[in-house]
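The structure appears below as structure tokens.
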Amino acid sequence: MTGIRLNAPRPGWSVDADVVVVGSGVAGLTVALRCAAAGANVTVVTKARLDDGSTRWAQGGIAAALGEGDTPEQHLDDTLVAGAGLCSEEAVRALVTEGPDAVRRLIDTGALFDTDAGTGEILLTREGGHHRRRIAHAGGDATGAEISRALVEAVRAAGIETIEHALVLDLLKDADGRAAGVTLHVMGEGERDGVGAVRARAVVLATGGMGQVFSATTNPSVSTGDGVALALRAGAEVSDLEFVQFHPTVLWLGSDAEGQQPLVSEAVRGEGAHLVDADGHRFMAGAHELAELAPRDIVAKGIMRRMQELGAEHMYLDARHFGAEMWAHRFPTILAACRAHGIDPVTEPIPVAPAAHYASGGVRTDLHGRTTVPGLYACGEVACTGVHGANRLASNSLLEGLVFAERIAADIAASGPAAPHAADTGAEADTGAEAEAGAGTEADTGADTASGPAGPSAGHEPATPT
Ligand code: SIN
């Protein structure tokens, strides 16, 4: 597919930058911070407010080999097994070896993780598919909210330009077919309004996932697949879109519940909760050596199978044995969400069922986050780096966002002095042509079609599609 554009009015305003980052979760804000630290002029655009994406909803945490006795090699093994043989081992190796230091840099950026009061060491928990405790968490079960807070504060402190309430429309390309910015529609907030353009020599897609295409999902309302849609229209390759991960334990609110549903983190099982049916039978015990902590796809299928066998609409997660104090201290977010829906996990099992959670595939990239369109990068959930294969290992996504964001920033910095400004390389003409073509949604089969696998700098093949 090549060069399709949305039918949109001509941009009425424009901003110039070296790098435009689309999206403001862990991946987008990390790219922005690292590029700005390297001296680039960065603009972040985001569809709602800076902290409205998926990152702030992440509960369980961020996986990295930080604990005593743990190694990147063990993290690699667990990731490859969860990915069902379809991960890119090279990409996973980059993730697990660079992960621990990337987490330390996140801490330096201001994120506060839960630590042991005595030793000061980061507390680590387990989740599905991990053979070790390696999940760092914050605020008990509010890890994403803390990471988002820290990154948003750092971006503001660094003076990085941000444009909120800006729905990204299409990629701009220069005369050579290289990314040269994006068009946006700002929806009535802030100093800019209507359709505009940010022109830049590098465009980073960090737009998150697409859970909202399913009737029930853990994803917020902004997760509508905008980045994948833009990339497809621009002629970029995508991979593994069929690998949508369903989280096994989402609070069951009735068969007609739609949109974002409350997550009940795998960390609850990591701390010892059991999955049971209405008779209290632990159906995952014996189904897999890790029982309730088997990789996520296996647990989700186990729940669905038991539901079908019994004709039930949901199963239960039983963590009454945690007691009131542990619930309040370790899982305050989940406790509050359950109680808001009339369920008290301290005294009753939680009704749960699987719901759409994470897009393991996305815009295909190489190990440096480069897509098949020169100058266009992707990271975070919108990307398919090859790390997740058919099934993402729990809590690898925040880590992937961090590690590949840093790789992208390094690649942009290494690509040398700023290219001639987009306005001098044909982007202006391209913007105009797009506006003139705006009377219909036409396929643009002209020179701005991306072709060939070369990324922004030659010599690196994109990750093998999995
Ligand atoms: C969870 O807390 O269970 C979600 C973690 C993840 O999606 O990786």
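The values are calculated or read from the model by the stated rules, or taken from the named source; none is laboratory data. Note that the structure is predicted; figures quoted are calculated from it, not measured. Note that each Cβ is placed from the backbone with ideal geometry, even for glycine, and that neighbours are counted across all protein chains shown. To get the accessible areas, we keep the full protein, side chains included, count just its heavy atoms, and leave off ligands, DNA and RNA. Shrake-Rupley method; radii C 1.70, N 1.55, O 1.52, S 1.80 Å.
Here are some notes:
- Between ASN7 and LEU112, the FRET efficiency estimated from the beta carbon spacing at R0 = 51 angstrom works out to 0.65.
- The calculated 222 nm mean residue ellipticity attributable to helices in the chain amounts to -9000 deg cm²/dmol, summing -39500 (n - 2.57) over DSSP H runs of n ≥ 4 and dividing by all residues.
- Over 24 Å [Cα-Cα, segment 248-382], rounded percent: 38 percent
- Pairwise centroid distance, computed over Cα atoms, of segment 52-112 with segment 240-268, Å: 22 Å
- All-pairs Cα distance distribution in segment 49-175, expressed in whole percent, bin size 10 Å: 12, 34, 31, 18, 4, 0, 0
- At q = 0.09, 0.19, 0.23 Å⁻¹, base-10 log of I(q)/I(0) for segment 1-122 (Debye sum, equal scatterers on each alpha carbon): -0.40, -1.24, -1.37
- Applying D = kT/(6 pi eta Rh) to segment 274-340, where Rh is the Kirkwood radius over alpha-carbon pairs, T corresponds to 37 °C and eta to 0.692 mPa s, the Stokes-Einstein value obtained is 250 µm²/s.
- Highest to lowest packing among 334-343, 79-88, scored as the average C-beta count within 10 Å: 79-88, 334-343
- Listed residues MET284, MET326, MET210 arranged by accessible area, highest first, probe 1.4 Å: MET326, MET210, MET284
- Averaged over residues, the count of other Cβ atoms within 10 Å places the peptides 167-176, 118-127, 220-229 in the sequence 167-176, 220-229, 118-127, highest first.
- When the Cα gyration tensor is reduced to axis lengths a ≥ b ≥ c, the ratio a/c is 1.5 or higher for segment 164-252, and with a/b not above b/c it is classed as oblate.
- DSSP bridge orientation in the chain - percent antiparallel, rounded to nearest 5: 60 percent
- Alpha carbon centroid spacing (whole Å) that separates segment 162-208 from segment 1-46: 6 Å
- Equivalent ellipsoid, segment 222-279 (semi-axes from 5 times Cα gyration tensor eigenvalues, Å): 33, 15, 10
- Tensor-based shape of segment 93-149 (alpha-carbon gyration tensor, a/c under 1.5 rounded, otherwise prolate or oblate): rounded
- Virtual spin-label span in nm between GLU121 and ALA38, 7 Å along Cα→Cβ: 3.5 nm
- Axial C-alpha extent at least 24 Å, average Kyte-Doolittle at least -1.0 - helices from the chain (DSSP): 89-109, 397-414
- The Stokes-Einstein estimate for the chain, based on a Kirkwood radius over Cα pairs and taken at 37 °C with 0.692 mPa s viscosity, is a diffusion coefficient of 147 µm²/s.
- Cβ crowding within 10 Å averaged over residues, with 355-368, 147-160 ranked highest first: 355-368, 147-160
- Carbon and sulfur %, accessible surface of the chain computed with the full protein complex present, 1.4 Å: 51 percent
- Remark: the Cα gyration tensor places segment 302-420 in the prolate category, a/c being 1.5 or greater and a/b exceeding b/c.
- Debye-sum result for segment 94-230 in log10 I(q)/I(0), which assumes one identical scatterer on each alpha carbon, at q = 0.12, 0.15, 0.17 Å⁻¹: -0.73, -1.04, -1.19
- Projected-area average for segment 8-56 over all orientations - Cα convex hull basis, square nanometres: 4.1 nm²
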